[in-house]
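Can you read through this structure? Questions will come right after.
The values are calculated or read from the model by the stated rules, or taken from the named source; none is laboratory data. These figures come from a predicted structure and were not determined experimentally. With ideal geometry, Cβ positions are generated from the backbone for all residues, glycine too; neighbour counts draw on all protein chains shown.
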């Protein structure tokens, strides 16, 4: 596939639970090597769409493919091409971070599981914590380890389903850095989120899912064009609470 090829293609996707229509004809294309944020409130259908794309759920109508493989007819090939990180870190707290990584590498039948684990610990800035039990990790460290585990075997497509839910601002920033690093290496990322800032910070494109349909899809600049030109006023910019928090934490860590 070329750098501009479509990694994920969704056309007319529908899914209902009894009388509740969750997806009502979703169309979405994700280019190879890009980050697309799927933005929507609770119940919009984000997780349902990800579960269909990752072959965990079957659609009622429409088509979807990942890396050219049909998610219904070629599920095994899709699973070989993807990794899924859910809303809660799927790590074993009894094991160390390095042992978690080695376990997954062995399950994937990769040679030299220790080297794979060490490379990922370095890549996600977890070397110093690698020998500690995961039960001692912070929320951000657990999530980074979870993402690292999902990359074993180097899948070309990664689904991140609300990866920063419940994390504090500092941990969220750590996860954002990891996601940016994924895209820099050419991994295609479909990120679901409720956080507007998260989509703004990370995404090459943003798709807004509302009541089971994509109602807007484009770059941040594209979406801004949907609104009238802003009225220009000169005001003193005040730091946000998040900026203040991170600055204070950073200063404390340096002292």
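Those residues that are modelled with pLDDT of 85 or more and not in a helix (DSSP H, G or I), I need them from segment 137-153; list them, please.
Passing the criteria: 137, 138, 152, 153.
Now, a different point. Under 8 Å by Cβ, and 6 or more places apart or on different chains, what pairs join a residue from segment 66-92 that is on the phi > 0 side of the Ramachandran plot with one that is in a loop (DSSP other than H, G, I, E, B) and buried (at least 17 other Cβ atoms within 10 Å of the Cβ)?
Within 8 Å, the pairs are 67/156.
If residue 226 meets every condition in (1) in contact with a strand residue (DSSP E or B) (Cβ under 8 Å, 6 or more places away or on another chain); (2) at pLDDT 85 or above; (3) surrounded by fewer than 14 Cβ atoms within 10 Å (Cβ to Cβ) apart from one, which number is that one?
Going through (1) in contact with a strand residue (DSSP E or B) (Cβ under 8 Å, 6 or more places away or on another chain); (2) at pLDDT 85 or above; (3) surrounded by fewer than 14 Cβ atoms within 10 Å (Cβ to Cβ) one by one, residue 226 breaks only (2).
Between 44, 59, which is surrounded by 14 or more Cβ atoms within 10 Å (Cβ to Cβ), part of a loop (DSSP other than H, G, I, E, B) and at pLDDT 95 or above?
59
Turning to a different aspect of this structure: Please work out which one of (1) surrounded by fewer than 17 Cβ atoms within 10 Å (Cβ to Cβ); (2) within 21 Å of residue 191 (Cβ to Cβ); (3) touching a strand residue (DSSP E or B) at 6+ places or on another chain (Cβ under 8 Å) is the condition residue 67 fails and give its number.
Here residue 67 clears every test but (1).
Let me ask something additional. Would you say residue 173 is over 25 Å from residue 45 (Cα atoms), touching a residue at least 60 places away in the same chain (Cβ under 8 Å) and either touching a strand residue (DSSP E or B) at 6+ places or on another chain (Cβ under 6 Å) or not in a loop (DSSP other than H, G, I, E, B) (or both)?
yes
Also: Does residue 97 count as under 30 Å from residue 132 (Cβ atoms), in contact (Cβ under 8 Å) with a residue 40 or more places away in the chain, more than 15 Å from the chain's Cα centre (by Cα) and surrounded by 14 or more Cβ atoms within 10 Å (Cβ to Cβ)?
Yes: the conditions hold for residue 97.
If you don't mind, there's one more thing I want to ask. Go through segment 112-129 and count every residue that is surrounded by fewer than 19 Cβ atoms within 10 Å (Cβ to Cβ), touching a residue at least 12 places away in the same chain (Cβ under 8 Å) and assigned to a loop (DSSP other than H, G, I, E, B).
Final tally of qualifying residues: 1.
Under 6 Å between Cβ atoms, which residue pairs at least 6 apart in sequence (or on different chains) link something in segment 25-45 that is under 17 Å from residue 212 (Cα atoms) with a partner that is outside any strand (DSSP E or B)?
Note: pairs meeting the criteria are 37/199; 37/203; 38/46; 39/199; 40/46; 45/212.
Each row is one residue, and each column tells you yes or no for (1) surrounded by 20 or more Cβ atoms within 10 Å (Cβ to Cβ); (2) assigned to a helix (DSSP H, G or I).
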{"position": "12", "(1), (2)": "no, no"}
{"position": "27", "(1), (2)": "no, no"}
{"position": "36", "(1), (2)": "yes, no"}
{"position": "51", "(1), (2)": "no, yes"}
{"position": "93", "(1), (2)": "no, no"}
{"position": "102", "(1), (2)": "yes, yes"}
{"position": "110", "(1), (2)": "no, no"}
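Those residues that are at pLDDT 85 or above and crowded, with 20+ Cβ neighbours inside 10 Å, I need them from segment 169-204; list them, please.
Hits for segment 169-204 are 179, 187, 188, 189, 190, 191, 192, 193, 198, 199, 202, 203.
Next question, about the same structure. Kindly list the number of the only condition in (1) touching a residue at least 40 places away in the same chain (Cβ under 8 Å); (2) touching a strand residue (DSSP E or B) at 6+ places or on another chain (Cβ under 7 Å) that fails for residue 178.
Of (1) touching a residue at least 40 places away in the same chain (Cβ under 8 Å); (2) touching a strand residue (DSSP E or B) at 6+ places or on another chain (Cβ under 7 Å), only one is false for residue 178: (2).
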